[in-house]
1. Quick one: if the Förster radius is 30 Å, what FRET efficiency do B:W11 and A:L34 give, using the C-beta to C-beta distance and rounding to 0.05?
2. If you roll a 1.4 Å probe over chain A with all protein chains in place, what percent of the accessible area is carbon or sulfur?
3. At 7 Å along the Cα-to-beta-carbon direction for both A:R62 and A:I132, put a label point, then send me their distance in nm to one decimal.
4. How many angstrom lie between the C-alpha centres of region B:76-144 and region A:116-137?
5. Roughly how large is the B-A contact in terms of buried accessible area, totalled over both chains, probe 1.4 Å, nearest 100 Å²?
6. Cα convex hull of the protein assembly as shown: how many Å³ per residue?
7. Principal axis extents for region B:1-93, Cα atoms only, whole Å, descending order, please.
8. For chain A, report the convex hull volume of the alpha-carbon atoms normalised per residue, in Å³, without decimals.
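The values are calculated or read from the model by the stated rules, or taken from the named source; none is laboratory data. As the structure is a computational prediction, the values presented were derived from the model and not from experiment. Positions of Cβ are generated from backbone atoms using ideal geometry, with glycine treated the same way; all protein chains shown enter the neighbour counts. Surface areas here come from the heavy atoms of the whole protein model, side chains and all, with no ligands, DNA or RNA. Shrake-Rupley method; radii C 1.70, N 1.55, O 1.52, S 1.80 Å.
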Amino acid sequence: MLKLNALLAGLLFGLGLIVSGMANPAKVTGFLDLAGAWDPSLALVMAGAIGVGLAGFGLAKRRTVSLLGAPMQLPASTVIDRKLLAGSLLFGIGWGLAGICPGPALVAFSAGAPQALVFVLAMLAGMALHRITAGRR
Amino acid sequence: MTIDWSAFTPWSALIGGALIGVAASLLALGNGRIAGISGIVGGLLAPQRGETAWRLAFVGGLLAAPWAYRLVAAMPRLQFDSSWGVLIVAGLLVGFGTRLGSGCTSGHGVCGLSRLSPRSLAATLAFMAAGFATVFVVRHLIGG
């Protein structure tokens with residue numbers, strides 16, 4: 001059941017990325033280009049997602065066991081440190097450069113875009129690089 | 001600032017966004033997990049017992065989405081404007097940055113803000129600001 005639920009969640013998440021336009025890099029950079037011809041659509045994607053998410057996570061936060069009997073493992077950390085901010089800044093630079101973040105990258109890759117394949121391979125390499133360097137510290 | 005009304009798609013944005021919210025809520029309520037793509041994929045690179053199956057299932061669903069969409073309608077065009085070199089640099093930054101910062105648009109932006117987490121708000125403000133600044137530099141300082 002847990003696997004089936006995760007599969008369904010992934011499928012709905014991916015469909016949401018396609019329907020909303022987030023899977024299209026040109027749409028994302030159109031939103032990030034405040035000084036150009038600005039497309040505000042992605043602000044509404046966030047509004048729609050968080051509007052629903054506030055209810056879902058509001059319920060989830062009050063539980064210690066999930067509806068399917070799994071332990072709730074929502075993050076407990078409240079630390080805002082240099083790692084969080086530096087990582088987010090690096091991510092934002094990459095996001096702005098290509099208009100692609102991890103979810104849309106996987107969806108566009110599966111849709112057959114060769115650019116997304118290259119991006120995903122580079123992204124996995126970046127993640128592996130972090131794992132190697134974090135292990136050394 | 002000028003708004004590009006011809007590109008503005010408020011309804012599909014809201015509906016697609018709501019779908020993302022439903023998906024994230026489903027994973028939280030059913031599996032007790034955060035639908036953070038970078039975290040889920042990153043966890044697959046360092047597999048731990050009991051931690052792999054649900055991640056693979058979620059990623060499988062994500063990868064199935066374009067195929068499911070095609071059963072109902074033609075896939076919308078995905079427009080990539082970056083060169084191969086930029087795609088590689090961007091991918092490396094996104095992969096490294098999301099692991100260092102413990103999340104991306106989904107984990108911090110959608111799930112974190114829905115949880116009202118100050119930590120995720122800080123992360124989201126940081127990557128949004130960097131995204132806006134990067135596009136400004138690329139399009140209007142270098143390219144302009």
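1. For R0 = 30 Å, the calculated efficiency reads 0.85.
2. Solvent-exposed carbon and sulfur of chain A make up 69 percent of the total.
3. Spacing of the two 7 Å Cα→Cβ label points: 4.8 nm.
4. Using only Cα atoms, the two centres lie 16 Å from each other.
5. It comes to approximately 9600 Å² buried between B and A.
6. 120
7. That works out to 50, 34, 31 Å along the principal axes.
8. 157
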